[in-house]
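Notes to accompany the following structure.
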2 protein chains.
Amino acid sequence: VALRSVLIIGTGLIGTSIGMALTGQGRKVYLRDRMSSNALVASSLGAGMVETPTDVDLVIVAVPPAVTAHVVVRALSRYPQATVTDVASVKAPILEQVRLSGADLGRYVGSHPMAGSHRSGPLTANGDLFIDRTWVVAAHEDADDSCVALVEGLARLCGARVEVMDAREHDQAVAEVSHVPQIMSSLMAGNLVGVRASHLRLAGQGVRDVTRIAASDEDMWTQIITSNRDVIGTQLEKLAAALNDVRSHLDSPQVVFDFMKHGVEGVRGLPGKHGRTQMDYMHLIVEIPDSPGALARLFSDVDAAGVNVEDLEIEHDRTREVGYISIAVQPEKAEELAQAMTAAGWALKDEYCTDIVRKG
Amino acid sequence: VALRSVLIIGTGLIGTSIGMALTGQGRKVYLRDRMSSNALVASSLGAGMVETPTDVDLVIVAVPPAVTAHVVVRALSRYPQATVTDVASVKAPILEQVRLSGADLGRYVGSHPMAGSHRSGPLTANGDLFIDRTWVVAAHEDADDSCVALVEGLARLCGARVEVMDAREHDQAVAEVSHVPQIMSSLMAGNLVGVRASHLRLAGQGVRDVTRIAASDEDMWTQIITSNRDVIGTQLEKLAAALNDVRSHLDSPQVVFDFMKHGVEGVRGLPGKHGRTQMDYMHLIVEIPDSPGALARLFSDVDAAGVNVEDLEIEHDRTREVGYISIAVQPEKAEELAQAMTAAGWALKDEYCTDIVRKG
């Protein structure tokens, strides 16, 4: 399927970034925005031309979620040969609205590039925004295969990894990993309003991380949240119950511990770099020699082995009163490090752990 | 006040890092830990000697919060000439326990270095951990001035900025900016348990940031939270009410918008780098010329002026149908940039904004 010419409607962060990526790949890109100054800036950044085409292969609707379905329906009618996609963060309600409009559903394939910023507008755009990011293509039973392929091609041209997913399942997933985290971040940030400046000065990296995305565009998020409200509502009910539970048991170390532990488990389940689960490492265990000099040598031998150390921990054997250094490495590097350490004269506990140690 | 010799009890991340900083400053540091392998590793990292001193100027208690008061009381009795401090994240309950024990309160000055990591143990220690970080010294009415001065000196030796604060006020502040954010992060992370792997693959940077500190040590946090439960409980009550409010109005764009907006306000109130509020910038406003080439020239002239641009935004004048580029810079740089831009031939709207524009 050839993708030669594209019309992008809406030149905010996402629309402009797509334009920059496609122009970089030699595609002809037309830009349109309700605010002509936005389109002008997008064009000056190299995202395309501010012209109205007579025909294009693909129309990308990159306007705010609340008006997306409306613009999609108009584009399907205005460009009867073109495939039409959109980039809104919620997919099922838009598909439903397009279906209800009676438009040519075969040419509509929604999508969702999972990239963005807590800032908005064309000035923050970047042609590399989608590289190695996930781009969900919301195929549906009425979509033409060639149109699905064209939208998948768009995502790949922008450097993204394609995930084909049903619209409802997408909406469930983004509620869990994006919309609800956004609400919790905003909830926490809202609680800082009215906190004394002398107290805010004690803020460290933790609260900054937790509240960073609370600075996101409130208008866009209002549209996202209200259109995905059913899935989000169910999630927030669970969260409210968990919050009330811990809140009414703050004097119980066991309840607080279980609550914190549950959080540790949740964050460890997030895929790490390259999709690897954060705990999928192999652990080499070396007894701590009873002299400071020996330990320094141990660290230097680990360095010299040239294997990337993912984590270092001390493990205690309370009965024998000895300690061990546990060295976590990628499973495929364990053998290499074990050989290097053995060659350097270190005794590894139990040869080394041949199983992946799942912590926590 | 001279600080020559120090005993550090507890060689986890904080104790070991203090030892490394003090050793680096030429102080004599003794280390003790319930787990001898921890003390051994700390010593091998250059944090001090694993020896028991007969006398020291200062004892630093860096053990878990739940046992801190107990160890402080023993240290006051064992080293009758020494000042004793601790590094626990909660201050009022410890002061109260030390007072109730009948110990020599004049020599006890609690403190709280506001630095750490979501990892723990001596292997994660670092002598630079406290540089430019806040270190709260919890002075109290019964403390000897010389002991307060010694603890302030400790913080400065480690490179930290000292904030003297009443214990209760400290506990209120850290509940607001540290303990409650920790709980909200753990709450959100706990909600990820049971989410399908195919959904977790859609996780982006946002949810990772929100949940990063949820990976912190659950044992230590249980002790912190239960000992500061009164202040935290009041905060969580407010949060639960706000959560319930937005949850039961997810179909109201106005309620959701106000909720998100409140979050934006909260995060903007956090002090930026160097303590500057994030919005305290001066904005230079340039009309967008009606040609792409002109805009590219504008950006290149801004670059050439050598002034750090904090933010760029497009502002729209809907009546006149023109757009403006708003360039945010540090107030003391505004005049310089304005002159450079005028010299380069650009017309600034209203000369330039002489007032600090407070956004949002």
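The values are calculated or read from the model by the stated rules, or taken from the named source; none is laboratory data. Just so it is clear, the model here is predicted, and its values are computed rather than measured. Glycine also receives a Cβ, built like all others from the backbone with ideal geometry; neighbour counts cover every protein chain displayed. Surface areas here come from the heavy atoms of the whole protein model, side chains and all, with no ligands, DNA or RNA. Shrake-Rupley method; radii C 1.70, N 1.55, O 1.52, S 1.80 Å.
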**Asked** What are the distances, in nm and sorted shortest first, from the label point of residue B:126 to the label points of the same position in each other copy, with each label point placed 7 Å from Cα along the Cα-to-Cβ direction?
**Response** 2.2
**Complete:** With all protein chains in place and a 1.4 Å probe, residue A:164 shows an accessible area in Å² (nearest 10) of 80
**Prompt:** residue A:259: accessible area at probe 1.4 Å, nearest 10 Å²?
**Reply:** 30
**Dipole moment magnitude, nearest 20 debye, the range A:152-308 about Cα centre, only Lys, Arg, Asp, Glu C-beta charged** = 440
**Request:** May I ask for the percentage of alpha-carbon pairs in the range B:193-332 that lie more than 19 Å from each other?
**Result:** 75
**Prompt:** How far, in degrees from 0 to 90, does helix A:218-227 lean away from the longest principal axis of the Cα atoms of chain A, to the nearest 10?
**Reply:** 90
**Message:** Under 5 Å between amide hydrogens, which residues at least 5 positions from residue B:30 or on another chain qualify, with H placed 1.01 Å from N in the peptide plane?
**Reply:** B:6, B:7, B:8, B:49
**Message:** Suppose R0 equals 41 Å. What FRET efficiency, 1/(1 + (r/R0)^6) with r the Cβ-Cβ distance, do residue A:164 and residue B:344 give to the nearest 0.05?
**Reply:** 0.25
**Prompt:** According to a simple spin-label model (label point 7 Å from Cα along Cα-to-Cβ), what is the distance in nm between residue A:128 and residue B:290?
**Reply:** 3.6
**Request:** Can you bin the protein assembly as shown into rounded, prolate or oblate? Criterion: square roots of the alpha carbon gyration tensor eigenvalues sorted a ≥ b ≥ c, rounded for a/c under 1.5, prolate for a/b above b/c, oblate for the rest.
**Result:** prolate
**Complete:** For the range A:164-269, one quarter of the surface area of the C-alpha convex hull, expressed in nm², comes to 8.8
**Request:** Determine the shape class of the range A:147-218: with a ≥ b ≥ c the square roots of the Cα gyration tensor eigenvalues, call it rounded for a/c under 1.5, and otherwise prolate if a/b is greater than b/c, oblate otherwise.
**Result:** prolate
**Request:** Against the globular-protein guess of 2.2 N^0.38 Å, express the Cα radius of gyration of the range A:71-183 as a ratio, rounded to two decimals.
**Result:** 1.06
**Message:** If I ignore ligands, DNA and RNA and count only protein heavy atoms, how much of residue A:222 is accessible to a 1.4 Å probe, in Å² to the nearest 10?
**Reply:** 10
**Estimated distance in nm for a label pair at residue B:244 and residue A:336, the labels positioned 7 Å out from Cα along Cα-to-Cβ** = 5.6
**Asked** What is the helix-to-structure angle for B:145-157, meaning the angle in degrees between its Cα long axis and the longest Cα principal axis of chain B, kept from 0 to 90 and rounded to the nearest 10?
**Response** 60
**Request:** Enter the Cα centre distance for the pair the range A:48-70 and the range B:100-155, rounded to the nearest angstrom.
**Result:** 59
**Request:** Partner chain Cβ atoms within 10 Å, averaged over the residues of A:238-251 - can you pull that number for me?
**Result:** 5
**Fill in**
Yeah, chain A with a ≥ b ≥ c from its alpha-carbon gyration tensor (a/c under 1.5 is rounded, else prolate when a/b outruns b/c, oblate otherwise) is prolate
**Item:** Computed FRET value (nearest 0.05) for residue B:99 with residue B:2, which takes r as the C-beta separation and R₀ as 25 Å
**Value:** 0.35
**Asked** So what is the relative contact order of the range A:68-138, in percent, for Cα pairs below 8 Å that sit 6 or more residues apart?
**Response** 32
**Request:** List the distances, in nm to one decimal, from the label point of residue B:194 to the label points of the same position in every other copy, shortest first, placing each label point 7 Å from Cα along the Cα-to-Cβ direction.
**Result:** 3.3
**Prompt:** Considering only the label points, 7 Å along Cα→Cβ from Cα, what distances in nm to one decimal separate residue B:54 from the same position in each other copy, shortest first?
**Reply:** 10.2
**Under 5 Å, built H, 5+ apart or other chain: amide partners of residue A:134** = A:114, A:161
**Fill in**
residue B:105 neighbourhood, Cβ < 14 Å, K/R = +1, D/E = -1, net charge -4
**Fill in**
Taking Cα atoms only, helix A:253-268 is inclined relative to the longest principal axis of chain A by an angle, in degrees rounded to 10, of 60
**Request:** May I ask you to evaluate 6.51 cos²θ - 1.76 cosθ + 1.60, the Karplus curve with θ = phi - 60°, for each residue of the range A:231-247 and list the ³J(HN,Hα) values in order in whole Hz, giving x for glycine and proline?
**Result:** 5, 4, x, 4, 5, 5, 4, 4, 5, 5, 5, 5, 5, 5, 5, 5, 4
**Prompt:** Taking a 25 Å limit on the Cα-Cα distance, which of the listed pairs A:238/B:91; A:91/A:261; A:91/A:238; A:261/A:349 fall beyond it?
**Reply:** A:238/B:91; A:91/A:261; A:261/A:349
**Prompt:** When the helix-only estimate is applied to the protein assembly as shown (DSSP H runs of n ≥ 4, each -39,500 (n - 2.57), divided by the residue count), what is the mean residue ellipticity at 222 nm, nearest 500 deg cm²/dmol?
**Reply:** -13500 deg cm²/dmol
**Message:** Using a Förster radius of 30 Å, what is the FRET efficiency between residue A:156 and residue A:219 based on their Cβ-Cβ separation? Nearest 0.05, please.
**Reply:** 0.45
**Prompt:** In the range A:67-103, which residues have a backbone nitrogen under 14 Å from the label point lying 7 Å from residue A:146's Cα in the Cα-to-Cβ direction?
**Reply:** A:80-84
**Message:** With only alpha-carbon atoms in the gyration tensor, what are the semi-axes of the equivalent ellipsoid for the range A:301-343, in Å, largest first?
**Reply:** 22, 11, 9
**Nearest-20 debye value, chain A charge dipole, Cβ charges on Lys, Arg, Asp, Glu** = 1400
**Prompt:** How big is Rg to Rh over the range B:1-109, alpha-carbon atoms, Rh as the Kirkwood inverse-mean-distance radius?
**Reply:** 0.95
